């Protein structure tokens, strides 16, 4: 059981590190930056947040007992521009992450090998967590890239900055 408990501790740490990258990016943005689309086919940071929120709420509400793709989720609508304010977006961001962290806090180490479902696909609970960790890392990377692109030389590095010559 020690391995499983360590896994849960490390899992939460990794999820928190990606949340923090998003939080630190948001601090550098102006309100209109959240709605910038690099191209017509691209998503804005606002759209990515809407999608992550919908995904987090769907996947982690009743994590062990219900399919992770909830009937009430409107996935396609997550990719449409809406009249959300920056405050709404940041509330979505926080609420979604709270749902993730609650699922991690609530799961018992011995339940990591339980079967859960996402779109009727059976997965071990630990694998479902890892799947979502990869998904959120992908989208947080998009958020950081858009933020870095917008802020250009004013961007404050979120990792080890390049050595200036």
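Checking the stated criteria, residue 34 turns out to be part of a helix (DSSP H, G or I), more than 14 Å from the chain's Cα centre (by Cα) and under 29 Å from residue 154 (Cβ atoms).
Every residue, every condition in (1) assigned to a helix (DSSP H, G or I); (2) in contact with a helix residue (DSSP H, G or I) (Cβ under 9 Å, 6 or more places away or on another chain), yes or no:
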site: 65; (1), (2): no, no
site: 70; (1), (2): no, yes
site: 73; (1), (2): no, yes
site: 81; (1), (2): no, yes
site: 92; (1), (2): yes, yes
site: 96; (1), (2): yes, yes
site: 101; (1), (2): yes, yes
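Residues that are in a helix (DSSP H, G or I) and within 20 Å of residue 46 (Cβ to Cβ): does segment 103-125 have at least one? No; the residues of segment 103-125 include none that is in a helix (DSSP H, G or I) and within 20 Å of residue 46 (Cβ to Cβ).
Is it the case, given these coordinates, that residue 65 is over 23 Å from residue 5 (Cβ atoms) and without any contact (Cβ under 8 Å) to a residue 60 or more places away in the chain? Judged against the criteria, residue 65 is not a match.
The rows are residues; the columns are (1) more than 12 Å from the chain's Cα centre (by Cα); (2) without any contact (Cβ under 8 Å) to a residue 60 or more places away in the chain; (3) surrounded by fewer than 15 Cβ atoms within 10 Å (Cβ to Cβ).
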position: 85; (1), (2), (3): yes, yes, yes
position: 134; (1), (2), (3): no, yes, yes
position: 138; (1), (2), (3): no, yes, yes
position: 147; (1), (2), (3): yes, no, no
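Can you run down the residue pairs with Cβ atoms below 6 Å, 6 or more apart or on separate chains, where the first is in segment 20-49 and under 20 Å from residue 96 (Cα atoms) and the partner is in a loop (DSSP other than H, G, I, E, B)? Sorted first by the residue in segment 20-49, then by its partner, the pairs are 21/158; 24/158; 35/44; 44/36; 44/37. With respect to (1) in contact with a helix residue (DSSP H, G or I) (Cβ under 8 Å, 6 or more places away or on another chain); (2) under 30 Å from residue 124 (Cβ atoms); (3) surrounded by fewer than 19 Cβ atoms within 10 Å (Cβ to Cβ), the lone exception for residue 35 is condition (2).
Just so you know, all these numbers are worked out from the coordinates, no wet-lab data involved. In this text the structure is predicted, and so the values were computed from the model without any measurement. Using ideal geometry, Cβ is built from the backbone for each residue, glycine included, and neighbour counts are taken over all protein chains shown.
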